[in-house]
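Asker: First, the structure itself, so that you have it in front of you.
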């Protein structure tokens, strides 16, 4: 399945990555995600662990009301005192992907739309987490929540099914659906937001950060098409906004420089603001192979986890 | 190259249209769907508009076509440079010196003469100068004299004095133009010395100077704050009091200065002697009227003058007029007589009226004497049979200038031998049964019916005509009115110096009720005035108008007449034709002649034009622009010779080629764009 891809430099010697376009043609998300994740895991010597841990943290004194099953009897035997064992995290964490399915995601200049790319990414991540027996869930949203699959260990198939049939429809808006969801995720877990973030950096960060309030671990993937980054159009044309339908005359040659600098500034601002609020931000270009993207992200995250 | 209608270049703004079309055109072809225009919209609009133009060739063709068509509409023409304009050389100078009576205001005349001396003194060796004096007309005081004879030119200026005429620039400029056109010298200059009154310039008036002529205006203005009162007109209200004719004189006075006049004096002089003096108060820039007590009109040609003191401009302070007792029109009504006189309505109608009065004498046909005819101006034949003898005498009377009104009823007849009637009289037409005839189809342009021209000014159709005589108009006759059946009602013919009117019905109640209708009186009066060729003598004329020297005289008195001007000059009037002469002086002109050779035949009052006393100044550049326009507009060619219409047309024909080229380019544009649309 894996194809050599000439234009993507290999970060890992000997590793081979899969062209997203080819993946998009497969259609079966389960197959695709498995292929990506297996290859990815095979390529790594050490699997990174996602958020959840069963590590012992500390003892504390028993207080009335604590479950007596949690009393450390061995310690009582040695010290004749009641201590309760505390753990760093729940052993099985919740993992939910918040996928933007607004109309603007339905754009692709190279045979794969941003939404397709995001679906494969979501499937891969879900697959990866499911391997760890974590609970997986999915929320799709545009300017409101479209589909909601609550996190569950048994929901892997449901998530893939929902992903499979999801389609871009309405114009998107981050704030309202994410605020609604922030109240919904009561239990701590890992939340992944996948979107093209066509809003002001401030608005984006304001919309996304409430998801962290309950202690959720928040990861943000910014999906963009190469054409959106480089603005490589030649002829002067009328450009139509996919979401609003608004048209305006554009002379790409005259505007390219300013456009690219504006997009760059937008990305830099997002990166800056997200790092300020300790949210992991990753920009994904749909021309890059998915497993390469996953690898680069996860290896980066592992380094950060070690630091924490 | 210049343009006749450069305003059309505004249309060049239309060049933006093809440019815009070329800029917009391509973008409508394809629509690129893009996730979000968020960043595109943030880029300033001007850079968005900076689009690429495709098809430069097509754009250039369109722009060129538009430019050529606009240029064609601007009417370019080629101007041949006059070499003499640019180069130096000797000058031909015409000094135009305004001598209208307004130049007598303050010290204007002295300054004007000083300016003229300066102009003459400025003549260099080999240069020539002319002096033209002008007011309402222009007079060449000295024609093209060399600079060596400056003394002569100066003497011509020194001899001049303000006249009584009003300012008119156009005749003076035309004279200057003709003087310059004759000159062989290369440089031509007109020096116009005037107070530049607004009233003297009524637009261009065809005054064009030869090409290359310099017009140098020398305004003699100065303060106009000194008192200046003008007597603009008088009105004479006549009345009859105890068989004496009187008239009340009302004078209109205008104060043209910014100072009000109080306790001034306005005097009425009759025959040169002051008769009445009234107090005169006029507001600044205001006007008033003063009425004098009635004066008895004692004799013919009574001279009157209204005088308003003295001020800075004296000429317009006096106003002259001439009055004579009204001379009645003598009318002989020829009637068959008897108890039921048919002439009742006619004589009653003629006994009414003051201006003019009618003196009607009723005579029976056989009682009309030669003396009657000599004294009468009009003869009315009121339904009478005319004998051959009377017919011949009446014919002679008409030939000599008399008027004849013939009313033909059942009894009327006219001898064949005397051929002065405008129509042949035929059988009577009886309209007593059925509807009576009505008079219609009036010739309102004719003097008899002119007063009835306006709406509701008399209705002839109200009169019922129960009988009339069918008449057949002769070859020299004019039908002035017709009955409703189309038959002529009133026919006129000129015979010799006189006129004959034929009324095809009666002027009493025998055949019609016209005498009972309101239109009867004015109709009869108007017919009498017309037949007697009566004209109200004008009490005054204005300087510049023409005096008819036969005025007030009979044909027999025309030999050996002279006109005595107010300044005392005697101007003989010959018999050949110079009977008209222009009034140039203010005062009383006398026409003398007669058997003794020196009896006063007529007196005419002459007044200055009151418009001239308005000293409002115009911009001399207006005259310069209008007259010198000839050199720029192609009106005059080289050497002052005007271009022929063909030559002018040739010089302006450029627009034709431009338009043709523009149309060819439009055709090319069609071909190119067709090809482009196929690819």
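None of the figures in this text is laboratory data; all of them are computed from the coordinates on show. The structure displayed is predicted, hence computed values, not measured ones. When we count neighbours, we look across all protein chains shown, and the Cβ atoms used for this are built from the backbone with ideal geometry, even at glycine.
Asker: Just check the stretch B:329-531 against the gyration tensor rule for me: Cα atoms, a ≥ b ≥ c as the square roots of the eigenvalues, rounded for a/c under 1.5, and otherwise prolate or oblate depending on whether a/b exceeds b/c.
Answerer: It is rounded, given that a/c, with a ≥ b ≥ c, falls under 1.5.
Asker: By how many degrees, between 0 and 90 and to the nearest 10, does the Cα long axis of helix B:654-678 differ from the longest principal axis of chain B?
Answerer: Approximately 50 degrees, to the nearest 10.
Asker: Compute the relative contact order of chain B as a whole-number percentage, counting only Cα pairs closer than 8 Å that sit 6 or more residues apart in sequence.
Answerer: 14
Asker: Here's a follow-up. How do B:277, A:140, B:125, A:209 rank when sorted from fewest to most other Cβ atoms within 10 Å of their own Cβ?
Answerer: B:125, B:277, A:209, A:140
Asker: Using a 10 Å cut-off around each Cβ, can you sort A:117, B:589, B:657 from fewest to most neighbouring Cβ atoms?
Answerer: Going from least to most buried by this count: B:657, B:589, A:117.
Asker: I'd like the FRET efficiency for residue B:352 and residue B:416, computed as 1/(1 + (r/R0)^6) with the beta carbon distance as r and R0 of 35 Å, rounded to 0.05.
Answerer: E between residue B:352 and residue B:416, to the nearest 0.05, is 0.40.
Asker: If I stretch the segment between residue B:56 and residue B:263 completely, what's the gain in nm (0.36 nm per residue apart, minus their alpha carbon distance), one decimal?
Answerer: 66.0 nm
Asker: Roughly how crowded by other chains is peptide A:226-237, in terms of the mean Cβ count from those chains within 10 Å of each of its Cβ atoms?
Answerer: Numbers: counts 0, 3, 4, 0, 0, 3, 0, 2, 0, 7, 13, 8.
If you average over the peptide's residues, the count of other-chain Cβ atoms is 3.
Asker: Return the distance in nm (one decimal) between the two label points of a simple spin-label model at residue B:545 and residue A:202, each offset 7 Å from Cα along Cα→Cβ.
Answerer: Label-label distance for residue B:545 and residue A:202, simple model: 9.1 nm.
Asker: Something else about it: Report the paramagnetic label zone for residue A:144: residues of the stretch A:175-206 whose backbone N is under 16 Å from a point 7 Å from Cα along the Cα-to-Cβ axis.
Answerer: A:175-181
Asker: Helix B:620-632: angle to the longest alpha-carbon principal axis of chain B, degrees 0 to 90, nearest 10?
Answerer: Tilt of helix B:620-632: around 70 degrees.
Asker: Further question on the same structure: If I fit a long axis through the Cα atoms of helix B:169-182 and take the longest principal axis of the Cα atoms of chain B, what angle between them do I get, 0 to 90°, rounded to 10?
Answerer: The angle comes out at about 60 degrees.
Asker: While we're on this one: Want the number for residue A:230 to residue A:73: 0.36 nm per residue separation, take away the alpha-carbon distance, what's left? Kindly include the intermediate steps, with their values, before the conclusion.
Answerer: Working: separation 157, 0.36 × 157 = 56.52 nm, distance 6.40 nm.
Computed gain between residue A:230 and residue A:73 is 50.1 nm.
Asker: With just the Cα atoms of the protein assembly as shown, tell me how far they stretch along each of the three principal axes, in Å, largest first.
Answerer: 180, 95, 68
Asker: Indicate the gyration tensor shape class of the stretch B:229-323 (rounded, prolate or oblate), computed on the Cα atoms with a ≥ b ≥ c the square roots of the eigenvalues: a/c under 1.5 is rounded; otherwise a/b larger than b/c is prolate and the rest oblate.
Answerer: Here the stretch B:229-323 falls in the prolate category.
Asker: Convex hull volume of the Cα atoms in chain B, per residue, in Å³?
Answerer: 329
Asker: Still on this structure, please answer the following. Counting other beta carbons within 10 Å of each residue's own, what order do B:618, A:156 fall into, fewest first?
Answerer: Values: B:618 17, A:156 20.
Ordered by Cβ neighbours within 10 Å, fewest first: B:618, A:156.
Asker: Please report the spacing between the Cα centers of the stretch B:136-172 and the stretch A:65-137 in Å, no decimals.
Answerer: With the stretch B:136-172 and the stretch A:65-137 each reduced to a Cα centre, they are spaced 120 Å.
Asker: In addition: Order these peptides, B:402-413, B:225-236, by their mean beta-carbon neighbour count within 10 angstrom, highest first.
Answerer: Details: B:402-413: 21.2, B:225-236: 19.0.
Final packing ranking: B:402-413, B:225-236.
Asker: Taking every residue in A:249-256, how many Cβ atoms of other protein chains lie within 10 Å of its Cβ, on average?
Answerer: Average per residue, whole number: 6.
Asker: If you take the beta carbon distance between residue A:272 and residue A:212 as r and set R0 to 25 Å, what does 1/(1 + (r/R0)^6) give as a FRET efficiency, to the nearest 0.05?
Answerer: After rounding to 0.05, the efficiency reads 0.90.
Asker: What does the extension gain come out to for residue B:476 and residue B:12, with contour length at 0.36 nm per residue minus their alpha carbon separation?
Answerer: 160.5 nm
Asker: To the nearest 0.05, what FRET efficiency results for residue B:279 and residue B:202 with a Förster distance of 45 Å applied to their C-beta separation?
Answerer: After rounding, the FRET efficiency stands at 0.75.
Asker: Given the -39500 (n - 2.57) contribution per DSSP H run of 4+ residues, what per-residue ellipticity at 222 nm results for the protein assembly as shown, rounded to the nearest 500 deg cm²/dmol?
Answerer: It comes out at -9000 deg cm²/dmol, rounded to the nearest 500.
Asker: Name the shape class, rounded, prolate or oblate, that the alpha-carbon gyration tensor gives for the stretch A:79-140, where a ≥ b ≥ c are the square roots of its eigenvalues, rounded holds for a/c under 1.5, and otherwise prolate holds if a/b is larger than b/c and oblate otherwise.
Answerer: Verdict is prolate for the stretch A:79-140.
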